[in-house]
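The values are calculated or read from the model by the stated rules, or taken from the named source; none is laboratory data. Worth saying up front: this structure is predicted, and the values here are computed from it rather than measured. Quick reminder, even Gly has a Cβ in these numbers, built from the backbone with ideal geometry, and neighbours come from all protein chains shown. Just the protein is used for accessible areas: all its heavy atoms, side chains included, with ligands, DNA and RNA removed. Shrake-Rupley method; radii C 1.70, N 1.55, O 1.52, S 1.80 Å.
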Amino acid sequence: GEDVEQSLFLSVREGDSSVINCTYTDSSSTYLYWYKQEPGAGLQLLTYIFSNMDMKQDQRLTVLLNKKDKHLSLRIADTQTGDSAIYFCAERARGSYIPTFGRGTSLIVHP
Amino acid sequence: KAGVTQTPRYLIKTRGQQVTLSCSPISGHRSVSWYQQTPGQGLQFLFEYFSETQRNKGNFPGRFSGRQFSNSRSEMNVSTLELGDSALYLCASSPGQNYGYTFGSGTRLTVV
């Protein structure tokens with residue numbers, strides 16, 4: 001079956017890099033996503049990566065995919081207090097319309 | 001371009017009542033999905049509609065139902081409310097299978 005796992009919390013100092021990790025079990029995953037949820041809001045799509053890629057960079061965000069280990073990470077460079085939020089990893093299997101979400105990692109950025 | 005709009009934002013109901021939540025997707029998005037978010041269970045998929053047809057369904061009891069109209073707007077209904085139905089209900093729309101979702105801000109349902 002499909003399962004996506006993330007650690008629940010990450011605390012970093014402002015200005016440092018944050019790395020949020022995610023593992024998934026479905027080897028047929030085609031797209032992998034990172035979403036951000038701020039308090040009182042819905043989820044915002046940050047970035048996504050196709051399974052035949054191993055890296056994608058978008059401004060301060062870098063996504064790394066290790067397909068062999070089924071491991072996905074999101075690196076946020078120069079983390080700011082405004083980056084404090086819950087970050088969700090999600091994967092969509094081949095032939096499926098519905099992504100499976102992880103439980104989310106709460107990123108806390110302190111001065 | 002307007003985002004995904006969910007109404008109402010907040011709702012308080014008593015056990016046994018029924019509730020209807022509304023979602024207007026981004027113009028041109030034909031796929032609308034509903035999720036229940038709780039601290040204990042995370043994001044749980046309820047159902048997905050495409051062109052007025054329920055295309056996928058999650059593992060929720062029959063008290064949870066939905067529909068989609070010809071203009072892609074969607075509603076979900078929960079009958080005979082239970083305390084455990086208290087949650088943030090999120091609607092998301094997508095233009096197609098290879099794209100991510102755009103989520104609404106959600107409806108916070110509290111059952112007392």
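Taken over the stretch A:10-47, the criterion of being within 14 Å of another protein chain (Cβ to nearest Cβ), closer than 24 Å to B:L88 by Cα and within 13 Å of the chain's Cα centre (by Cα) is satisfied by A:C22, A:L32, A:Y33, A:W34, A:Y35, A:K36, A:Q37, A:L43, A:Q44, A:L45, A:L46, A:T47.
Return the residue satisfying two criteria in turn: it lies in the stretch A:25-80 and is of a type in the set (A, V, I, L, M) and in a loop (DSSP other than H, G, I, E, B), and of such residues it is nearest to B:F45 (Cα to Cα).
Kept after step one, since they are of a type in the set (A, V, I, L, M), are these residues of the stretch A:25-80: A:32, A:41, A:43, A:45-46, A:49, A:53, A:55, A:61, A:63-65, A:72, A:74, A:76-77.
If we keep only those that are in a loop (DSSP other than H, G, I, E, B) as well, we get A:41, A:53, A:77.
Working: A:A41: 18, A:M53: 27, A:A77: 32 Å.
Out of the qualifying residues, it is A:A41.
Scanning the stretch A:22-50 for residues that are buried (at least 18 other Cβ atoms within 10 Å of the Cβ) and of a type in the set (G, A, S) returns A:S29, A:G42.
Here is the figure for the stretch A:74-105: residues that are over 24 Å from B:G40 (Cβ atoms), at the interface with chain B (Cβ under 9 Å from one of its Cβ atoms) and of a type in the set (S, T, N, Q) total 1. When the stretch B:24-58 is filtered for residues that are in contact with a strand residue (DSSP E or B) (Cβ under 7 Å, 6 or more places away or on another chain), more than 9 Å from chain A (Cβ to nearest Cβ) and more than 18 Å from B:S86 (Cα to Cα), the ones remaining, listed by number, are B:S24, B:P25, B:I26, B:H29, B:R30, B:V32, B:Y49, B:E52, B:Q54, B:K57. Here the condition is being open to solvent by 50 Å² or more (accessible area, probe 1.4 Å) and assigned to a strand (DSSP E or B); of B:Q54, B:Q36, B:Q97, it holds for B:Q54 alone. In the stretch A:1-18, of all residues being open to solvent by 70 Å² or more (accessible area, probe 1.4 Å), more than 14 Å from A:P99 (Cβ to Cβ) and not hydroxyl-bearing (S, T, Y), the one that is modelled with the lowest pLDDT corresponds to A:G1.
Restrict the check to the stretch B:59-72 and report whether at least one residue is facing another protein chain (nearest Cβ under 10 Å), at pLDDT 95 or above, open to solvent by 20 Å² or more (accessible area, probe 1.4 Å) and in a loop (DSSP other than H, G, I, E, B).
From the stretch B:59-72, those facing another protein chain (nearest Cβ under 10 Å) are none; that's our starting set.
Among the residues of the stretch B:59-72, not one is facing another protein chain (nearest Cβ under 10 Å), at pLDDT 95 or above, open to solvent by 20 Å² or more (accessible area, probe 1.4 Å) and in a loop (DSSP other than H, G, I, E, B), which makes the answer no.
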